[in-house]
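Encoded as C-alpha cells, here's the structure I'll be asking about.
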Amino acid sequence: MSFCLETYLQQSDDYEIFITRAGFKDCAKIIEEKADKILYINPGDKILGARIIGLPPIPIGVNSKKGTIIIPYTKPCHGTSAIELPIEEEEVNNIKKIAIKKK
C-alpha cells in the first residue's frame, strides 16, 4: 500500500492518535507500551510513503490482531504524535525487511 500519509490523516477517520504535540521520547514510550510487537527502524526509513524521523532506533508498533501499526509521526512546528493506523500484511512485511536490532 503506497499512499500519502498526510492526505490519509486529513481525509480518513480510521486511525487513533494516542498522544500529540509531544516529544519523540514520549511517543516512543507510548508505542512500546501499546503495541503487541515492536520493530525498530532507522531515521529516514519510509513507512507508508512517509519518512519517519526521530531518535534512533525508532519503534514501530505492530498489533497483528487488530491489523494496525503505531508510528511516531513528526510534523515540523507541531511536534510528534503516536498514531495507530490500519495496515495490510504486505506493509508489515515491508517494515520487517528494513527493521534493525535495538542496541
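Please treat every number below as a calculation from the coordinates, not as lab data. On a predicted model such as this, the values are computed, not experimentally measured, just so you know. A quick note on method: Cβ atoms are made from the backbone with ideal geometry, for glycine too, and the neighbour counts reach across all protein chains shown.
By how many nm would the segment from LEU55 to LYS101 lengthen if fully extended, with 0.36 nm per residue of separation less the alpha-carbon distance? All intermediate terms of the calculation are to be shown ahead of the outcome.
On the way: separation 46, 0.36 × 46 = 16.56 nm, distance 1.43 nm.
The LEU55-LYS101 span can extend by a further 15.1 nm.
Compute the distance from the alpha-carbon center of the range 1-65 to that of the range 66-103, in whole Å.
Comparing the Cα centres of the range 1-65 and the range 66-103, I get a distance of 4 Å.
Which GluC sites (Glu not before Pro) from the range 27-92 combine a DSSP loop assignment with at most 11 other Cβ atoms within 10 Å?
Details: sites: GLU32, GLU33, GLU84, GLU88, GLU89, GLU90, GLU91; in loops: GLU88.
Taking the range 27-92 and a limit of 11 other Cβ atoms within 10 Å, the loop GluC sites (Glu not before Pro) found are GLU88.
Let me ask something additional. Can I get the semi-axes of the chain's equivalent ellipsoid? Compute them from the C-alpha gyration tensor as square roots of 5 times the eigenvalues, in angstrom, largest first.
Numbers: eigenvalues 58, 56, 36 Å².
Equivalent ellipsoid semi-axes, largest first: 17, 17, 13 Å.
When the helices in the chain are scored as -39500 (n - 2.57) per DSSP H run of 4 or longer and the sum is shared across all residues, what 222 nm value do you end up with, to the nearest 500 deg cm²/dmol? Each step should come with its number before you reach the end.
Details: 3 runs with 28 residues, N = 103.
Helices in the chain give a 222 nm mean residue ellipticity of -8000 deg cm²/dmol.
Considering only the other residues whose Cβ falls under 13 Å of the Cβ of ILE38, what net charge follows from Lys and Arg at +1 and Asp and Glu at -1?
Net charge in that neighbourhood comes out at +3.
Same structure again: Tell me, in nm to one decimal, what length is gained between GLU33 and LYS75 on full extension, where the rule is 0.36 nm per residue of separation less the Cα-Cα distance? The partial results should precede the final answer.
Working: separation 42, 0.36 × 42 = 15.12 nm, distance 2.23 nm.
Gain on stretching GLU33 to LYS75: 12.9 nm.
Dipole magnitude of the chain about its Cα centre, charges +1 at Lys/Arg Cβ and -1 at Asp/Glu Cβ only, in debye to the nearest 20? Each step should come with its number before you reach the end.
Numbers: 15 positive and 14 negative charges, 122 e Å.
For this selection, approximately 580 debye.
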